[in-house]
Amino acid sequence: MPTSQPLLRTGLTAAAAALPLALAAGPAVAVNGISVSTAGSTVSVTTSACTQINGSWGTASLLNSSQANFAQGRQVSLSGSSGLQSAAWSNVSPGTYTVIVMCSNNNTAGTQSVIVSSGSTPTISTTSSPSRGVVGGVGGSTRDYGTITLVAGGALVGTGVIAAAWFLRRRSKPYRL
């Protein structure tokens, strides 16, 4: 076991060295200033970077891949409080979008890309069901045969039973010349 302690010390040293780097990088939300999320066909953005000026927090814009600037996107006014402002777009088609938030003082709070995937909502479809249910044990036949066919089939089965009984009885007797 002498090799486990140096490996343990090396692992702890590496983790201790990586911790300040991870804390310095921080989450993307803190650097960007906005947080974008999707739920089905709804895209929402939140931020705490804007201040209210003349009753307005600012505007958020949702741009698709063919739109180049803020004014071309679907714009929604931010709402909320001094701690958190938000905006949302509904009925967004699947694709890649860019969300830009402009505060009321014309400063950009952040820009972030988001992918909206097609929701896999179950669809209900009607299927036709058999009118008589499942025909099990009939050998796959769904045709109704008449009395003559049933009598002929019964006669064949009866003949088979009689022939089998005769054959077995004949075998049980001693061999005669």
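The values are calculated or read from the model by the stated rules, or taken from the named source; none is laboratory data. Being a predicted model, the structure only gives us computed values, none of them experimental. Neighbour counts run over all protein chains shown; Cβ positions are idealised from the backbone, glycine included. With ligands, DNA and RNA removed, areas are computed over all heavy atoms of the protein, side chains included. Shrake-Rupley method; radii C 1.70, N 1.55, O 1.52, S 1.80 Å.
Spin-label model, residue 66 to residue 39: label points 7 Å out along the Cα-to-beta-carbon direction sit 3.0 nm apart.
Protein heavy-atom accessible surface, 1.4 Å probe, per residue over the range 41-90: 52 Å². Across the range 40-91, Cα pairs under 8 Å and at least six residues apart give a relative contact order of 46 percent.
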